[in-house]
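Have a look at the structure below, then the notes.
The values are calculated or read from the model by the stated rules, or taken from the named source; none is laboratory data. Values in this document were obtained by computation on a predicted structure and should not be read as measured data. All Cβ positions, glycine included, derive from the backbone under ideal geometry; neighbour counts span all protein chains shown.
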Amino acid sequence: MKFKRIFVLILDSLGVGEAQDADKYGDNGCNTLKHIMEKYDLYIPNLEKLGFLNTLTLEDKENVDAYFTIAKPTNIGKDSLTGHYEIVGIKNEVPFRTFSESGFPISLIDKIEQATGKRVIGNKVGNGEEIINELGDRHMAYGSLIVYTSADSTLQVAAHEDIVPISKLHTFCEKIRKITMDEDLQIARVIARPFNGKNGKYKFINSDRVDFAVKPPAKSILNSLEDKDLSVISIGKIASIFDGEGITKIIKGSKNNIDTINKLTDIMEKNFTGLCLTNLSDFDTLYGHNRDVEGYGKAIEDLDVEIPMILNKLNNDDLFIITADHGNDPTFSGNAHTRENVPVIIYGRNFKEPSKLEPLESMADIAATIAENFEIDAPVIGKSFLELLK
């Protein structure tokens, strides 16, 4: 075992350029990081030292503090589940279904109403905050559930905490998850979205959001680590994405990225052997989908400020990896994810001469590296780069 603890920080949606099959997704020319930098004067000196900006061009960098490269997506689809699946070594060849053309079929809406005893309003496609502010007053008056979807494979259920208690909303979504397991629907996630506020000024309570995902289609390195009695710690929405599969400790989602980072640094002070996966979801949820370039840029800068503290928490036998699960170019039309390569930054305190690595042919190379380090079965996809880390 080369590293006792491995930390993987997933910057949700922070892609670094169109994937080789971007044309199949209508995403030619997408580049989340590059296009943010073109419209926002990004200042991230700490991430720059790690080679983060060089993932855009893969040019060599002198005196870099980490190995850096990109990883290419190979799983079908560009949603959060398929990206996270690939990072932990799960091959997924069946795309999840989206309902962004005309919303959900009436037959499904009828089943939701029967299961919850509530009327459904909405059945719209679009930005969640815009939808709850359009329909929130009506929801408050009649107690109906607001149901909507995005360009991704999601069925999202929103309700004000004063009308539907948060625990009740979670229960409703569990029931809806069972309904949507029909193979013809193939919905990746049912998401509970509680909100508060009044008089048309409503805001989501992100800390109480819960994603009810389908079970992963196969075992992953998370299961193999758990079987070997090694720790698998999830921070943020990671546990929801895998429906708890292979997770030994769940740390719930937080109010924002910085709060999530604080939970990560708290865990870094604990003694354990194994893997810790953390997802910073604000990049995607608050800025990518809302096409907020400035907000996205500021969020990257906020992360940059935290980088020295994170690195200082690492032990000599720790490995720290920064990556992403897909892109979400805030300069693109619509509000969907974009099919992009993702950055891969690999830091260890004892690396002698870190440098650029060749592009990884799959995001699953991360999984293969983790598997080799902990001497568990290699995933069905991915090639380890452990021997390159010196």
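Taking the criterion of being closer than 19 Å to residue 381 by Cα, in the same structural domain as residue 380 (by TED's automatic domain parsing), crowded, with 20+ Cβ neighbours inside 10 Å and under 21 Å from the mean Cα position of the chain (by Cα), would at least one residue in the range 19-38 satisfy it? Within the range 19-38 (the criterion being closer than 19 Å to residue 381 by Cα, in the same structural domain as residue 380 (by TED's automatic domain parsing), crowded, with 20+ Cβ neighbours inside 10 Å and under 21 Å from the mean Cα position of the chain (by Cα)), the answer is yes, since at least one residue qualifies. Among the residues making up the range 39-54, a single one is acidic (Asp, Glu) and either part of a loop (DSSP other than H, G, I, E, B) or under 27 Å from residue 383 (Cβ atoms) (or both): 41. For the residues 146, 163, the requirement of being in contact (Cβ under 8 Å) with a residue 12 or more places away in the chain, touching a strand residue (DSSP E or B) at 6+ places or on another chain (Cβ under 7 Å) and either over 21 Å from residue 13 (Cα atoms) or not acidic (Asp, Glu) (or both) singles out 146. Going through 51, 89, 136, 103 one at a time, which residue ends up being within 20 Å of residue 211 (Cα to Cα), crowded, with 16+ Cβ neighbours inside 10 Å and touching a residue at least 24 places away in the same chain (Cβ under 8 Å)? It is 103. Taking the range 7-18 as the range and being crowded, with 22+ Cβ neighbours inside 10 Å and closer than 27 Å to residue 253 by Cα as the test, the residues that pass are 7, 9, 10, 11, 12, 13, 14, 15, 16. Put simply, of 60, 23, 110, 65 the only residue that is under 26 Å from residue 290 (Cα atoms) and charged (D, E, K, R) is 23. Scanning the range 326-333 for residues that are loosely packed, with under 15 Cβ neighbours inside 10 Å and at pLDDT below 95 turns up at least one hit. Residues that are surrounded by fewer than 18 Cβ atoms within 10 Å (Cβ to Cβ) and polar (S, T, N, Q) within the range 232-280 comprise 248, 256, 262, 265, 271, 273, listed in sequence order. Whenever a residue of the range 18-36 is free of Cβ contacts under 8 Å to residues at least 24 places away in the same chain, its partners that are in a helix (DSSP H, G or I) and among the aliphatic types (A, V, I, L, M), lying with C-beta atoms within less than 6 angstrom and at least six residues away or across chains, give the pairs 28/22. Only residues that are closer than 10 Å to residue 67 by Cα and either in contact with a helix residue (DSSP H, G or I) (Cβ under 9 Å, 6 or more places away or on another chain) or not assigned by TED's automatic domain parsing to the domain that holds residue 75 (or both) were counted in the range 347-357, giving 3.
State whether the residues of the range 85-101 include one that is of a type outside the set (Val, Ile, Thr), more than 23 Å from the chain's Cα centre (by Cα) and not assigned by TED's automatic domain parsing to the domain that holds residue 276. Within the range 85-101 (the criterion being of a type outside the set (Val, Ile, Thr), more than 23 Å from the chain's Cα centre (by Cα) and not assigned by TED's automatic domain parsing to the domain that holds residue 276), the answer is yes, since at least one residue qualifies. Looking across 82, 74, one residue alone is surrounded by fewer than 23 Cβ atoms within 10 Å (Cβ to Cβ) and either free of Cβ contacts under 8 Å to residues at least 24 places away in the same chain or closer than 30 Å to residue 153 by Cα (or both). It is 74. Scoring residue 65 on the criteria (1) touching a residue at least 40 places away in the same chain (Cβ under 8 Å); (2) within 24 Å of residue 247 (Cα to Cα); (3) part of a loop (DSSP other than H, G, I, E, B); (4) of a type in the set (D, E, K, R) leaves a single failure, condition (2). Just one of the numbered conditions (1) touching a residue at least 40 places away in the same chain (Cβ under 8 Å); (2) in a loop (DSSP other than H, G, I, E, B); (3) surrounded by fewer than 23 Cβ atoms within 10 Å (Cβ to Cβ) is not true of residue 57: (1). Taking the range 305-331 as the range and being in a helix (DSSP H, G or I) and either closer than 25 Å to residue 365 by Cα or outside the structural domain of residue 350 (by TED's automatic domain parsing) (or both) as the test, the residues that pass are 307, 310, 311. Scan the range 187-196 and give yes if some residue there is touching a strand residue (DSSP E or B) at 6+ places or on another chain (Cβ under 7 Å), outside any strand (DSSP E or B), outside the structural domain of residue 379 (by TED's automatic domain parsing) and within 30 Å of residue 378 (Cβ to Cβ), otherwise no. For the range 187-196, residues touching a strand residue (DSSP E or B) at 6+ places or on another chain (Cβ under 7 Å), outside any strand (DSSP E or B), outside the structural domain of residue 379 (by TED's automatic domain parsing) and within 30 Å of residue 378 (Cβ to Cβ): present. Selection of the range 351-367 for residues being among the charged types (D, E, K, R), outside any strand (DSSP E or B) and in contact (Cβ under 8 Å) with a residue 40 or more places away in the chain yields 358, 361, 365.
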